[in-house]
Each structure stands twice: as C-alpha cells, then as structure tokens.
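The values are calculated or read from the model by the stated rules, or taken from the named source; none is laboratory data. Small disclaimer: the values here were computed from a predicted structure and weren't measured. Methodologically, a virtual Cβ is constructed for each residue, glycine included, from the backbone with ideal geometry; neighbour enumeration extends over all protein chains shown.
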Amino acid sequence: MATADEVAALGVSSHEFELEVAWDGHPVLVAKAGQDVRVFADDLREWSAPAQNVALTVRDLPADELVLEGRLCVLDAHGRPDFALLKERASKGTGPAPVLMVSDVLVHDGQDLSGAPRTTRRERLPPSGAPLVRSEVLEGSLDEVLAKVRQLGLPGVIAYRRGGPREALAISATPTPLPLKRSLSMPPRVTNADKVLYPNDGITKQHVLDWYREIAPVFLPHLRDRPVVSQRWPDGIDEFTWFQHRPPPRAPDYLDAVAIDGDRRLLVQNTDALLWMVNQAALTFHTWSSRVGSLMNPDWAVVDLDPGTRTTWPQVIEVATAVRRLLELLEVPSVVKTSGQKGLHVLVPLAPGQTLEQAHRFSLGVCSMVAQLLPEAVSLSHDEKERRGRLFLDHLQNFRGKTLVAPYSLRAVDRAPVSTPLRWDEVTPSLDPRAFTRAVVLDRLAQFGDLFAPVLTRGVQLEGALAKLAGR
C-alpha cells in the first residue's frame, strides 16, 4: 500500500480513478456453480467454513455461475472492520459472523468479465444486504476521500482506473503504509527443537531454524514469486526424504500457493513461511527458474556440472573453466555456485522476455561445444551406461517445471554444507565444496555480499549468443 505522498506524482484523482474503501479484512473469491458455493483466499485456500453465512447468501443469488471478489471482514460494535475479530473467527470459529465487502464481479452467469471495463463489472455487483456489503465509489478528491476515511479509522482506499483493466492501486490514509493482506494464522513455532537432523554432526532442528532465520534476508529474494519444492527429512538425513510440491494440509495462510495447471504449488514469500517449512524438517529448497507472473520466461539459463563415478575433482574444475571461457567468448555474464554436494552450477542471467526454449537452446549449445572439446571427461547423456562414469554436463534443467537447488540452501550430507555462490577465481582444484558450512557462508556474506544477486538484476538477451553458437 502506498502513501498519499507517494501517489501524488501518479496523478490519482477522482476524475480518472474510482476510489473505494480499503476494508481491513482478508481478500477472498466467492465462487458459485449452481447450488455449490465456495469461499477461497487468493491462493485458493478454502475459507468456506468460517464464512458459511456468506456462502449461503451467495447461493441464493439469481445467477447460476458467479465469481465475486471482495474482502472477508468481521465488524465491531461500531460497524467497523476489526481484524482481530476476524482472526478469532477464522482460528476458533467464535465471535460475530463475517460479512463480505464485495468489490468486483469476475464471472456472471458464466460470462467471464475479468477483462471487461470496471464500469461494466460494477453493474453486475449484487445489492447490499447482510452479509453482503457492496463497496461503493467514494465521491470527492483524493485528499477529501482520504480525510473522510482517516476520520472513520479505516486504513485507506483502493483506486481503480475508470474504464480500465482490472488493476488497482492501494493508498494508505496514514503516513505509514499499511498492509492490505495480513495473516489469520498463528506465527510459526518450533517443535522438537532438539531433534537431531544431522546425526554425525549433532545438528538439530533448532540449529537449522537458526540458520534459515539468519540467512532469510538474503535467501528469500531467491525464493520469492517462484514455485518452490522443499525437500524434507522428518527423521534426519540418514532416513527417508520426500519432495513437497504443494502446501501441506492445514498450512498457515502466510504459506502462499499459486495455481499452475490446476494444481496448487508452493510459494515461500516471507520469513514466517520459510521457518514454518523448516519446522516441518525442510532442509533444502529447490526453485523454478521463472516467476509466477511469467512462467515461460526464465531468469537464467543453467549448465549443471554433475560428476560421474570416475570424475576427478580436477576434471570438474577443467570442465567448469571451459564453460566459463566459452561464455566469455560469447560475451555473456555468468555466476557460479556449488551445488552443496559434489557438483557446480553455472548460470547465465537473462533479460526479461527470454523464453525457456531460448534458454535450453543456449545451454545445449554451450554443453555440446564443451563436450566436443573434452569428450573423455564429459557426456551429454542422462543414461548412466552411456555416461560410462563421465561428468554429465546437464542442459535439461531449462524446461518448464524443472528446479534447481536455491543458493544458501543446506544440503542433506554430513557437515550440512551450503549451496554457495562463488567468485570465478575461486574455482580451482583447491576448492572444497563441502567446506562451505553455515559459519563460513556468513563470513563470506559479510565480506563479499550476495554473489548470486546478479542473477536477479543483470540479465542479457540471448539472440547474439545463439547466433554465435549456430556459426552465424
């Protein structure tokens, strides 16, 4: 949410924008199909039980198919939304029944209105009648409206461009921006803190939580807005593991999700979500190369150096050096990191708009040229028999849905090494990937900062490099 001063330069006025109250509640979608009505948060978490009265009322509306957007609120004795009362209703099922402040109609009688002008959508809003409250347009200038909202003790307003697409700008009524989405769940807590997850080193769940809490400011930018796969070891690294793709049942609402191909995929957007997952014995986090707003446009192309059974460490360094020199000849930047185990990852940061197909063609071209230079050390085959113990130069991590271990993730081997970004001048035969323990990485961050940050900020167009690889 922006402050009034921050949006002044944007020219927000009641002439170009419709202004409505930013109700202090939880954003939801209410979907009706015939007699079936469900209430969902924006990450598809279901809230039908605490909002049963809303669902029953929407069921009686005349439209057979309907999707309403609004905010679920609980009103205090003065008729003002009270988030604490809503939290009590959601967690304990006690207190006043909620109301739905309806702000938009996305589907009406089966017609998709999401791309229609806002004026058209507002015509389809149901009339106010408990527990539905139609969010009305506020008259007056922005300053006048904010003054009224401030006087009522409400957090701010939402500005919708008249006749424009379904976009909104949140404006705070106070000097301090207020969040429009707050958690209804309890903060994360540690259970079984003394449980040993790394038996040979005595590293407990508390130690792991302490690591991720300390590294979170650096770690989270590499997870945020990306589908995440967490790898969990509930009984320690010597026992079974599984990969968590979806939010677990009864997960807190600060653990977000995104719908991809009809499935809810895990998002880790904040420290609470990260620590909650770590308390579930998630030790390692893997991410997509793309973000939820552009799943077909990756932020990087990756070359994964996966040593084989007869690969020596000097050979790994020889291959990594060949990859680096080729990328320099192609005039593209690169970032290298340890996998946290025995391999290395080389990433080329991409500019916005580059496609997965381009990323794969580029990675395949690089891998193919290096394989021609070092045929006795490198294989492009995933098949173990065809590899014959050689290093697998993996270009297959550049497809939709493929994941890569995130920088600063712990790995489930003795000493709990960290997948660590490196300077290229460190990639020598004396490099020991397992030497990058938690304390070492913290010292490196203090000395060098986040060496992986360029992956998020300094992308390149691939057309020129692809043309060079093709010999044009």
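The figures follow:
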read-out: Among (1) surrounded by 20 or more Cβ atoms within 10 Å (Cβ to Cβ); (2) part of a helix (DSSP H, G or I); (3) of a type in the set (A, V, I, L, M), the one test that residue 369 misses; value: (1)
read-out: Test result for residue 391, closer than 25 Å to residue 423 by Cα, assigned by TED's automatic domain parsing to the domain that holds residue 462, in contact with a helix residue (DSSP H, G or I) (Cβ under 9 Å, 6 or more places away or on another chain) and surrounded by fewer than 21 Cβ atoms within 10 Å (Cβ to Cβ); value: no
read-out: Residues that are at pLDDT 95 or above, surrounded by 16 or more Cβ atoms within 10 Å (Cβ to Cβ) and in a helix (DSSP H, G or I), drawn from the stretch 443-472; value: 444, 445, 465
read-out: The stretch 375-387, subset out of contact with any helix residue (DSSP H, G or I) (no Cβ under 6 Å at 6 or more places or on another chain) and touching a residue at least 12 places away in the same chain (Cβ under 8 Å), residue nearest to residue 267 (Cα to Cα); value: 382
read-out: Given (1) touching a helix residue (DSSP H, G or I) at 6+ places or on another chain (Cβ under 7 Å); (2) touching a residue at least 60 places away in the same chain (Cβ under 8 Å); (3) among the small types (Gly, Ala, Ser), number of the condition residue 322 does not satisfy; value: (2)
read-out: Residue list for the stretch 347-366, restricted to those being of a type outside the set (A, V, I, L, M), assigned to a helix (DSSP H, G or I) and touching a residue at least 40 places away in the same chain (Cβ under 8 Å); value: 358, 360, 361, 362, 363, 365
read-out: Single unsatisfied condition, residue 136 versus (1) in a strand (DSSP E or B); (2) over 19 Å from residue 182 (Cα atoms); (3) in contact (Cβ under 8 Å) with a residue 24 or more places away in the chain; value: (1)
read-out: Selection within the stretch 214-252 - over 16 Å from residue 290 (Cα atoms) and of a type in the set (A, V, I, L, M, F, W, C); value: 215, 216, 218, 219, 233, 237, 240, 242, 243, 251
read-out: Test: residue 94 is β-branched (Val, Ile, Thr) and modelled with pLDDT under 85; value: no
read-out: Within the stretch 139-162, tally of residues that are part of a loop (DSSP other than H, G, I, E, B) and under 19 Å from residue 78 (Cα atoms); value: 4
read-out: Qualifying residue in the stretch 259-282 (condition: among the aromatic types (Phe, Trp, Tyr), in the same structural domain as residue 406 (by TED's automatic domain parsing) and touching a Pro at 6+ places or on another chain (Cβ under 6 Å)); value: yes
read-out: The stretch 253-270: number of residues that are closer than 16 Å to residue 185 by Cβ and within 12 Å of the chain's Cα centre (by Cα); value: 9
read-out: Subset of the stretch 290-301 [buried (at least 23 other Cβ atoms within 10 Å of the Cβ) and among the aliphatic types (A, V, I, L, M)]; value: 301
read-out: Of all residues in the stretch 257-281 being modelled with pLDDT of 95 or more and among the β-branched types (Val, Ile, Thr), the one that is nearest to residue 205 (Cα to Cα); value: 278
read-out: Out of 316, 332, sole residue that is buried (at least 22 other Cβ atoms within 10 Å of the Cβ), of a type in the set (A, V, I, L, M), within 16 Å of residue 367 (Cα to Cα) and touching a strand residue (DSSP E or B) at 6+ places or on another chain (Cβ under 7 Å); value: 316
